[in-house]
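This report concerns only the one structure given below.
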Amino acid sequence: MILPTAYFAPLGWFEHYMQGDAVIEAYESFSKQTFRNRCVILSPQGERLTLSVPVRKAGSKQLTKDVEISYNTHWQHIHRQAIMSAYRRTPYYDYYEDYLIPIFEHRYKWLIDLNHATAETTVALLSNTMPTENEAGLPHITSDWQGQDIDRYWGDETSILDKLFRYGPETMTYF
C-alpha cells in the first residue's frame, strides 16, 4: 500500500503502515494543510488542537521529499508543551514521554525525515520494543480509566499519540 508521509499520523494510517508492505510516497506533489505536516491532538476538555510543522515556502509542484522544515519559530517547543498539556494526566504519558523528546530536540532538515522519525518511534512504542529499564515492559492498564471519558472524544483524524498515551500497549487492539 502506498501512504503519504505524515506527522504523528492518525490511527488508521498506522494500521496500514504496520502491515509491513506500506511504501511512503516521497515523489508526490506536496499538498499543504494535510497530515503531511500537521497532526490533531485532543485537549483534556476534548477540544481539537492542530499542531503544524512550519515548512519553507514550497514552490508549485514541489515534491514531498524536497520540503524543508522552517525553524523561524520555536515550533518544537510549542508542540512538546502542547502534547504535555494535553496528555500528562493520561495513564501512559510518563512511560512514553522520554522516547518522544529526542524528536523535538533534533533539528531535521527535511519534513520526510521528521515524519519517518515519528513513525518509527511510534511503531517501536506500539510494539513495545523500545529499550526499557524494566525487563517486564510496560504494565497493561485497563481501558476504563476514570480520569476522562475517552470514548466520547474518539476520532478518526486524531493523532496516534491520543490513543498511545491513553491505551499504551492496548492501542494495537484498536486496529
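Against the list (1) under 13 Å from Thr158 (Cα atoms); (2) among the aromatic types (Phe, Trp, Tyr); (3) part of a loop (DSSP other than H, G, I, E, B), the condition Trp13 fails is (3).
Residue by residue, here is whether (1) over 28 Å from Pro169 (Cα atoms); (2) touching a helix residue (DSSP H, G or I) at 6+ places or on another chain (Cβ under 7 Å); (3) β-branched (Val, Ile, Thr); (4) modelled with pLDDT of 95 or more holds:
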residue	(1), (2), (3), (4)
Thr34	no, no, yes, no
Leu42	no, yes, no, no
Ser70	yes, no, no, yes
His77	no, no, no, yes
Met84	no, no, no, yes
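So, Ile41, is that one touching a residue at least 40 places away in the same chain (Cβ under 8 Å), in a strand (DSSP E or B) and under 22 Å from Tyr93 (Cα atoms) or not? If you could, list the steps in order and put the result at the bottom.
Values: touching a residue at least 40 places away in the same chain (Cβ under 8 Å): yes; in a strand (DSSP E or B): yes; under 22 Å from Tyr93 (Cα atoms): yes.
For Ile41, the condition - touching a residue at least 40 places away in the same chain (Cβ under 8 Å), in a strand (DSSP E or B) and under 22 Å from Tyr93 (Cα atoms) - is met.
Pairs linking a residue in the range 1-13 that is in contact (Cβ under 8 Å) with a residue 40 or more places away in the chain to a residue that is part of a strand (DSSP E or B), with Cβ atoms under 6 Å and 6 or more positions apart or on different chains, are Pro4/Glu25; Thr5/Ile24; Tyr7/Cys39; Phe8/Cys39; Phe8/Ser159. One residue stands out in the range 44-58 among those that are part of a loop (DSSP other than H, G, I, E, B) and basic (Lys, Arg): the one that is farthest from Trp110 (Cα to Cα), namely Lys57.
Among the residues of the range 59-74, is any in a strand (DSSP E or B), of a type outside the set (Ser, Thr, Tyr) and surrounded by fewer than 17 Cβ atoms within 10 Å (Cβ to Cβ)? Yes, that holds for at least one residue. Is it the case that Thr50 is polar (S, T, N, Q) and surrounded by 14 or more Cβ atoms within 10 Å (Cβ to Cβ)? No.
From the residues in the range 75-118 that are aromatic (Phe, Trp, Tyr) and farther than 21 Å from Thr34 by Cα, which one is surrounded by the fewest Cβ atoms within 10 Å (Cβ to Cβ)?
Within the range 75-118, the first condition is being aromatic (Phe, Trp, Tyr), and the residues that meet it are 75, 87, 92-93, 95-96, 99, 104, 108, 110.
Checking the rest, the ones that are also farther than 21 Å from Thr34 by Cα come to 87, 92-93, 95-96, 99.
Values: Tyr87: 23, Tyr92: 22, Tyr93: 19, Tyr95: 20, Tyr96: 20, Tyr99: 15.
Within the range 75-118, the match that is surrounded by the fewest Cβ atoms within 10 Å (Cβ to Cβ) is Tyr99.
Search the range 14-29 for residues being free of Cβ contacts under 8 Å to residues at least 40 places away in the same chain and closer than 25 Å to Trp75 by Cβ, and hand back the single one that is surrounded by the fewest Cβ atoms within 10 Å (Cβ to Cβ). Taking the candidates together, the pick is Ser29.
Please pick out the residue among Tyr95, Tyr108 that is not in a helix (DSSP H, G or I) and not charged (D, E, K, R). Talk me through it step by step, then tell me what you get.
Details: Tyr95 fails: not in a helix (DSSP H, G or I).
Matching residue, one of Tyr95, Tyr108: Tyr108.
Quick one: is Tyr27 assigned to a loop (DSSP other than H, G, I, E, B), under 19 Å from Val123 (Cβ atoms) and in contact with a Ser or Thr (Cβ under 8 Å, 6 or more places away or on another chain)? Step through it out loud before you land on a result.
Details: assigned to a loop (DSSP other than H, G, I, E, B): yes; under 19 Å from Val123 (Cβ atoms): no; in contact with a Ser or Thr (Cβ under 8 Å, 6 or more places away or on another chain): yes.
Considered against the rule, which asks whether it is assigned to a loop (DSSP other than H, G, I, E, B), under 19 Å from Val123 (Cβ atoms) and in contact with a Ser or Thr (Cβ under 8 Å, 6 or more places away or on another chain), Tyr27 comes out as no.
Quick check: anything in the range 93-115 closer than 20 Å to Glu47 by Cα and at pLDDT 95 or above? Yes, the range 93-115 contains a residue that is closer than 20 Å to Glu47 by Cα and at pLDDT 95 or above.
The values are calculated or read from the model by the stated rules, or taken from the named source; none is laboratory data. Values in this document were obtained by computation on a predicted structure and should not be read as measured data. With ideal geometry, Cβ positions are generated from the backbone for all residues, glycine too; neighbour counts draw on all protein chains shown.
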